[in-house]
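Structure provided below as structure tokens; questions to follow.
Throughout, read-outs are computed from the coordinates displayed, never taken from laboratory work. As the structure is a computational prediction, the values presented were derived from the model and not from experiment. Glycine gets a Cβ as well: all are built from the backbone with ideal geometry, and neighbour counts include every protein chain shown.
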Amino acid sequence: MGENDARLRKWEEQRFSGKTDTYWYTQTKESICVRIPMKRKGTRAKDLDIIIGNETLKVRDRISDTVLCEGTFPSKFLGAGKPKGPPLRVRKDDSMWTLAEDTVTLDLEKGIAEFWHSLFEGERKEAPAS
């Protein structure tokens, strides 16, 4: 990979990544990595409800009964002035999550290799740090 290719890839990853008050994510064309820091120290895997659907995601802390991350994946962008396309999907059976050092990390495998404009439909996010 040439220097220009590496710069373009880094630019794409930053452009199509984001963060909110409760989580942040990065992506490649093939996958999205979501990180959710736990507010409650000592969280164990059995304290969490994590439901990865083909078109939805929900992460809930059972102990505090707090939803940490929830939504429907965005609709495919078909172009300005055009109706929304079908929802983007992940391959739930090929996706996984881990809990380490009080952070949940979800590795979501996309159904089709392409960059998503956001993690969830209607998501408001901050610009990633440079």
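If you check G79 against the conditions, is it exposed (fewer than 15 other Cβ atoms within 10 Å of the Cβ) and among the small types (G, A, S)?
Numbers: exposed (fewer than 15 other Cβ atoms within 10 Å of the Cβ): yes; among the small types (G, A, S): yes.
Yes, satisfied.
Suppose we filter I32, I51 for residues that are among the β-branched types (V, I, T) and either over 18 Å from E123 (Cα atoms) or in contact with an Asp or Glu (Cβ under 7 Å, 6 or more places away or on another chain) (or both); which single one remains?
Working: I32 fails: either over 18 Å from E123 (Cα atoms) or in contact with an Asp or Glu (Cβ under 7 Å, 6 or more places away or on another chain) (or both).
Exactly one of I32, I51 is among the β-branched types (V, I, T) and either over 18 Å from E123 (Cα atoms) or in contact with an Asp or Glu (Cβ under 7 Å, 6 or more places away or on another chain) (or both), namely I51.
While we're here: For region 37-65, give me each residue that is part of a loop (DSSP other than H, G, I, E, B), polar (S, T, N, Q) and within 28 Å of R89 (Cβ to Cβ). Walk me through how you get there before you give the answer.
Our first condition is that a residue be part of a loop (DSSP other than H, G, I, E, B); within region 37-65, this holds for 38-44, 53-55, 62-65.
Subsequent filtering for residues that are polar (S, T, N, Q) retains 43, 54, 64.
Scanning region 37-65 gives a single hit, N54.
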